[in-house]
1. Six or more apart or on different chains, Cβ atoms under 6 Å: show the pairs whose first residue is in the stretch 268-290 and over 21 Å from P80 (Cα atoms) and whose second is assigned to a loop (DSSP other than H, G, I, E, B).
2. Out of the stretch 1-52, which residues are under 28 Å from the mean Cα position of the chain (by Cα) and small (G, A, S)?
3. Test each condition in (1) touching a helix residue (DSSP H, G or I) at 6+ places or on another chain (Cβ under 6 Å); (2) open to solvent by 40 Å² or more (accessible area, probe 1.4 Å); (3) at pLDDT below 95 for A276 and report the one that comes out false.
4. Somewhere in the stretch 308-323, is a residue under 23 Å from G385 (Cβ atoms), under 15 Å from the mean Cα position of the chain (by Cα), surrounded by 24 or more Cβ atoms within 10 Å (Cβ to Cβ) and not hydrophobic (A, V, I, L, M, F, W, C)?
5. Residues Y75, Y6, Y33: which one is crowded, with 16+ Cβ neighbours inside 10 Å and at pLDDT below 95?
6. Sort out which residues of the stretch 304-330 are more than 17 Å from A280 (Cβ to Cβ) and without any contact (Cβ under 8 Å) to a residue 24 or more places away in the chain, and write them in order of number.
7. List, please: which pairs have Cβ atoms under 9 Å, are six or more places apart or on different chains, and start with a residue in the stretch 18-39 that is without any contact (Cβ under 8 Å) to a residue 12 or more places away in the chain and end with one that is polar (S, T, N, Q)?
8. Failed condition for M92, given (1) at pLDDT below 95; (2) open to solvent by 60 Å² or more (accessible area, probe 1.4 Å), with all others met?
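The values are calculated or read from the model by the stated rules, or taken from the named source; none is laboratory data. Everything numeric in this text was worked out from a predicted model, so none of it was measured. Methodologically, a virtual Cβ is constructed for each residue, glycine included, from the backbone with ideal geometry; neighbour enumeration extends over all protein chains shown. Just the protein is used for accessible areas: all its heavy atoms, side chains included, with ligands, DNA and RNA removed. Shrake-Rupley method; radii C 1.70, N 1.55, O 1.52, S 1.80 Å.
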Amino acid sequence: MKIRFYNAKILTFTKDDQIIEGELWVEDSRITYVGKSIVNTECIFDREINANGNLIMPGFKNAHTHSAMTFLRSYADDMPLMDWLNTQVFPMEAKLDGEEMYHLSKLAILEYLTSGITANFDMYFCPEDVSKASIEMGFRTVMCSGISQFTGETDYSLDLLDGYYRKFNQYHERIGYCLGFHAEYTATRPLLEGIASLAEKYKAPVYTHNSESLAEVEQCISRNGLTPTGYLSSLGIYNYGGGGFHCVHMTEEDLKIFQEKKLTVITNPASNAKLASGIAPLKRMCDLGIPIAIGTDGPASNNCLDMFREMFLTTALQKLRENDASAMNADQVLYMATIGGAKAMGLQDCDTLEPGKYADLIVIDLHQPNMQPLNNITKNIVYSGSKQNVKLTMINGRILYEDNNFYVGEDVEKIYLKANEIINRKR
């Protein structure tokens, strides 16, 4: 299918945050043209879309989430992290089966689309079912293993991880898989050493929850004599890169390890604020050249899968932490939410908007009160933007969401009904 967007403002991210005016063409799954308007073209398009001066930009990449946790949205709130995990989340998750995760992931995907999110870095169980949901809905997912000491015996868990890594990296063009584990505090040393061996075997990056709470860090030091970052690095976990989700309570030594090993920090400001985990030292990370991406975390801890809220909190909380209104520039944050996430997830083919890249893009409605006047469009997106401004979401050349309507081959009301049935059975 050939689609032409014209009369558009386009933020390609090929030249920082420069916005051009013109048009963008898509053929099947790829972008074929980005540039100035062509008055007379011999190309025949299946659809021509007048952007009416609205902005086309790369889709947001949700670099850390747990999609199937939609069933716990507003179920377990107003609790400290460890109590929340151990008394509410873990016991409820243990009741889920793969088919239920499949349905619950579909609910999350609908919300991603309304927020202009075109790919997610999803850490959850049952990758067959999670990937099935994404494939059927037209979404793009990179899965990250969340194995732990509770997954099973060490050898079993490592064999499972090895098999998943090989299987899902050759499974479907919109599915990927990264090595990972839940966290240092839910993994035995033999399991961590085995993951380090797999990283060596595949020369692959590894991702995990890292230093989310102060208690987590203190307990790791008590057990191992090192912070989570120092301990994992000493085991060779990060020899081929990767990164950490949250990274709130980081020492200067931790940050130097991230800098030296070129690890990525995936920040989750809404979840960290809601659970009172703290504010990550993002400005210091930026000063050290540490790559940063943004994730929503799961809908049990956030509870909203909204990249606009995450972007605002990323910059606003940093200003508050540093007592400096210039601590975190909005354009930096927009980069983190798009290109930064794509880099963390290994999505080099759908980061920027240029010919040959996958057509993973969104249209931002500038004809809304919160976008006017157009003093600075990119800053408008971060400081005043919201889901109401997402006019269209396209993934792999297919429009999945447009003008508040979903085109995912599903009756969305049935998805909502299924999610409510699942949580009502589990209570």
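1. Matching pairs, first to second residue: K283/A327.
2. Once the filter is applied, which keeps residues that are under 28 Å from the mean Cα position of the chain (by Cα) and small (G, A, S), the stretch 1-52 yields A8, S29, A51.
3. Result: A276 fails condition (1) only.
4. yes
5. Numbers: Y6 fails: at pLDDT below 95; Y33 fails: at pLDDT below 95.
Among Y75, Y6, Y33, only Y75 is crowded, with 16+ Cβ neighbours inside 10 Å and at pLDDT below 95.
6. Selection gives A325, S326.
7. Once the first residue is without any contact (Cβ under 8 Å) to a residue 12 or more places away in the chain and sits in the stretch 18-39, its partners that are polar (S, T, N, Q) give Q18/T12.
8. (2)
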